[in-house]
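Input: a single structure, listed below in structure tokens.
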Amino acid sequence: MNSKSNTLALAVAIALGLPVASAFAQSSAQTLDTVIVTGTRVADRTVAESQSPIDIITPEALSATGTGELATALARALPSLNFPRPALTDGTSGIRPAQLRGLSPDQVLVLVNGKRRHTSAQLNVNGSIGRGSSATDLNAIPIAAIERVEVLRDGASAQYGSDAIAGVVNIVLKGAGKGGSLAVDYGQYSAGDGNKYQLSGDAGVEFGDGRGTLHVAGQVSDQDESNRAGPYQGTAPDTGNFPGIGEKTFVIGDPRVQATAVSANSQFQFGDALTGYATAAASNRDITSFAFYRSKNHNPLTAQFYPDGFVPEINQYSKDRSLVAGLKGSTEGGFNWDVSYNYGYNKIDFHTRNTVNYSLGSSSPTSFYDGALEYTQNVVNADFSQALDWGLAYPVTLSFGAEYRQEKWNQSPGSADSYFGGGAQGFGGFTVENAVHSDRHNYAVYAGLEGDFTDKFSAGIAGRYEDYSDFGNETTGKLSARYAFTDAVALRATASTGFRAPSLAQQNYQVITSSVDSSGVFTQRGTFPAASAAALALGSEPLKQEKSTSYSLGLVLQPSERLYLTVDAYQIEIDDRIVLSSPLNIDPNNPSYAGNQAKIDAAQAAQDLLASLGVNGVTSFNYFTNAIDTRTRGVDVVGTYSVPLAASSLDLTASYGYSKTEITGIAADPAAWNTFTALAPSRIARDERGRIEEGYPKDKVILGGVWKSERWDIGLTTTRYGSFSNRPTSGAANDQTFGAQWIVDVSASYKPGERWTLTLGADNVLDSHPDRSIFANSSSGMFPYSNYSPAGFNGAYAYGRITYKW
């Protein structure tokens with residue numbers, strides 16, 4: 001690239017998605033010149049030259065707050081990312097999903113060093129954002145290992161395959177053969193709970209006379225639970241799930257977590273044209289979240305075990321492993337190749353502790369093994385690229401490749417005591433009958449062409465064909481272009497089609513769990529595969545792929561040397577979107593059915609139908625379905641401004657994200673479901689529609705600044721989370737819109753020398769909380785805040801950190 005091209009590229013950077021916006025502003029020049037590996041096959045493409053919106057999140061931004069979680073750090077840096085902190089949602093409380101641009105968490109693809117990251121074995125089936133999704137667990141990756149995170153805010157299925165509908169998150173690991181750091185953190189919420197201790201670090205070494213590098217990183221943390229439950233304000237004390245009037249017995253907040261994570265990133269140069277590389281990562285997390293309280297009168301046996309009632313504890317032990325190994329090289333003629341093997345594995349063992357199985361009587365254990373979920377991924381990938389001389393000012397890059405992927409998802413049963421009869425209270429074990437051993441494979445071929453055709457204009461085209469063994473094939477494509485009118489104004493645009501394959505978990509998960517619905521009624525909810533006899537009897541159909549069409553248009557303005565402003569608008573339409581149907585309540589003794597003989601008869605008929613198929617004890621029923629079409633429209637705005645001072649500098653950023661999702665179509669309920677129409681008007685009830693359309697903030701503003709001098713770094717960030725709404729199944733009278741919330745984060749770092757840094761900070765320093773739920777939606781005051789709250793509901797968090805670098 002010549003200097004003129006670089007200048008133009010600098011002007012285009014933000015229109016093409018530059019975020020230098022982070023939790024605290026970073027230098028524009030640092031990210032504009034970063035060579036990216038996401039969204040392009042061109043070897044030397046920088047952020048400034050990208051044809052799609054690319055956010056670069058630096059390690060300084062990731063560590064600029066008190067969190068040790070990657071997903072939380074990204075949510076504080078990106079206005080388009082939402083990462084709420086739900087409680088009382090079984091496994092989702094411990095392994096939480098993140099959503100990009102208001103879409104489902106499984107509609108964003110995660111890469112590590114440009115290679116597909118495996119998804120979590122967890123399936124989110126409770127009433128939280130991301131209900132029905134099986135997403136990648138971002139928090140399994142230690143922040144200390146990360147060189148930067150590239151976030152492609154654009155559809156990219158034609159380049160990467162399934163899941164890349166909302167965008168791509170590519171985590172680039174540190175690979176330097178020298179340097180390192182060690183940090184010790186401690187933090188606590190202002191309420192006096194949620195204490196967190198963390199030790200993290202990384203180090204690089206060289207070997208083989210400098211031809212090889214190895215960079216290792218690790219993180220060990222211990223976090224206590226937090227609790228923001230309110231006192232019971234109802235009128236039925238010490239019954240069912242209700243404690244005494246005025247008592248606080250629920251545990252509603254962050255889980256208790258002990259976590260370790262390590263990674264190694266290495267490469268070895270065998271010769272000028274041949275390099276080997278390998279990346280390995282492992283993490284273990286012991287997570288304890290909490291179920292609904294059971295009063296001392298919950299059952300005649302309760303007082304024998306727990307005279308004051310009890311809160312069951314749901315324990316998840318998540319083992320995550322990954323390995324990528326490959327060879328890459330080039331020829332004198334400019335032909336580049338990269339062949340790799342990619343292994344990923346996640347296993348989650350479930351236990352229910354501090355509980356009882358009433359069906360076992362006075363001999364019941366108080367701790368149970370509930371079974372396990374496992375996901376395994378094996379990928380073989382070959383990428384090729386060749387620079388073509390078409391007589392233009394710059395070469396045109398042809399890229400092509402092939403990929404084979406095998407996936408497995410298993411659901412293993414727990415001990416017999418965990419599911420016998422009514423099962424362990426809080427979380428019953430997976431039964432032998434519900435055991436699943438599923439697998440599939442797919443292959444893909446893809447090609448692309450990209451180039452700078454003039455100093456002002458560049459464009460690209462990509463296509464991909466994939467064939468899956470379980471549902472069929474899909475072809476996707478993408479067009480992209482950018483044009484720089486002047487050094488101060490540039491325009492870019494993309495158009496693409498995409499898809500997401502139904503996950504093995506969505507196709508095969510089956511379980512019966514206890515929960516309390518939005519009306520406060522205790523249920524035994526059964527979730528069954530769409531292809532099972534029970535689901536088919538209620539009108540299910542085999543799952544098929546989701547299909548998307550995306551458009552985006554971006555504008556960059558550079559009115560002065562140090563000021564950049566971008567505006568990126570987009571539209572994403574998704575057909576046959578996979579959702580978990582709303583529960584069909586089939587309990588003839590449900591209090592809301594009292595006096596309505598039609599509902600009682602319909603509920604009994606549904607139970608009799610399921611009993612004839614061997615399904616007993618279920619009072620609520622649902623399954624996955626391709627039932628809705630959606631359209632998401634939004635805009636991202638990013639501005640950066642750098643102010644050089646005499647002996648210091650001030651970097652300012654402002655970013656804004658807006659997205660709105662509308663359900664544009666709902667498939668008609670099948671005749672079998674309509675047989676029980678007296679019980680439920682639709683498979684997609686109002687609470688699920690509300691969760692998809694209004695359960696996340698439609699807009700988010702981040703205003704950040706950092707002042708840097710030789711000894712001090714002082715940062716201040718203000719984030720405004722827009723309003724969101726809750727539509728409970730109990731009816732429109734209890735709908736609630738939660739107002740916007742402002743969060744202020746501050747930190748001050750002092751560097752007494754070149755190697756040491758001492759940091760004190762506070763996240764949410766003003767102790768802001770979201771609006772409280774109205775009484776009708778609060779389970780008689782015990783659940784004071786919504787699980788949808790994008791900033792959580794724990795309040796202020798103060799922390800300190802000591803860092804040593806070499």
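Read-outs throughout are calculated quantities, based only on the coordinates presented, and are distinct from any laboratory measurement. Bear in mind that the values here come from a model prediction, so they are computed numbers and not experimental data. Using ideal geometry, Cβ is built from the backbone for each residue, glycine included, and neighbour counts are taken over all protein chains shown.
By how many nm would the segment from Phe457 to Thr239 lengthen if fully extended, with 0.36 nm per residue of separation less the alpha-carbon distance?
71.4 nm
Among 732-745, 224-237, the peptide with the highest mean count of other Cβ atoms within 10 Å heads the list, and the full ranking is 224-237, 732-745.
At an R0 of 22 angstrom, the distance between the Cβ atoms of Lys408 and Ala533 translates into a FRET efficiency of 0.40.
Separation of segment 525-571 and segment 280-305, taken as the distance between their Cα centroids, equals 34 angstrom.
Full extension of the chain between Glu710 and Thr475 gives 79.2 nm of extra length, using 0.36 nm per residue less the Cα-Cα distance. Dividing the summed -39500 (n - 2.57) terms of all DSSP H runs of n ≥ 4 by the residue count of the chain sets its mean residue ellipticity at 222 nm at -2500 deg cm²/dmol.
In this structure, the amide hydrogen of Asn126, modeled 1.01 Å from its nitrogen in the peptide plane, lies closer than 5 angstrom to those of Gly132, counting only residues at least 5 positions away or on a different chain. Among the listed pairs Lys248/Lys296; Lys700/Lys805; Lys115/Lys174; Lys544/Lys599, a Cα-Cα separation exceeding 26 Å is found for Lys700/Lys805; Lys544/Lys599.
Rounded to the nearest 0.05, the FRET efficiency derived from the C-beta distance between Leu563 and Thr486 at R0 = 22 Å is 0.90. A simple spin-label model places pseudo-atoms 7 Å from Cα toward Cβ; at His437 and Val220 they are separated by 3.8 nm. Distance distribution P(r), segment 683-806, all Cα-Cα pairs, bin width 5 angstrom from 0: 2, 10, 16, 16, 13, 11, 9, 7, 6, 5, 3, 1, 0 percent. In terms of packing, defined here as the mean over residues of other Cβ atoms within 10 angstrom, the peptides 83-90, 601-608 line up highest first as 83-90, 601-608. If the segment from Asp308 to Val184 were pulled out straight at 0.36 nm per residue, it would be longer than the present Cα-Cα gap by 40.7 nm. Normalising the average separation of contacting C-alpha pairs (under 8 angstrom, six or more residues apart) by the number of residues puts the relative contact order of segment 173-805 at 9 percent. Take each peptide in 195-204, 644-653, 435-444, count the other Cβ atoms within 10 Å of every residue, and average; sorted highest first, the result is 195-204, 435-444, 644-653.
In the distance distribution for segment 173-805, Cα-Cα pairs more than 39 Å apart total 44 percent.
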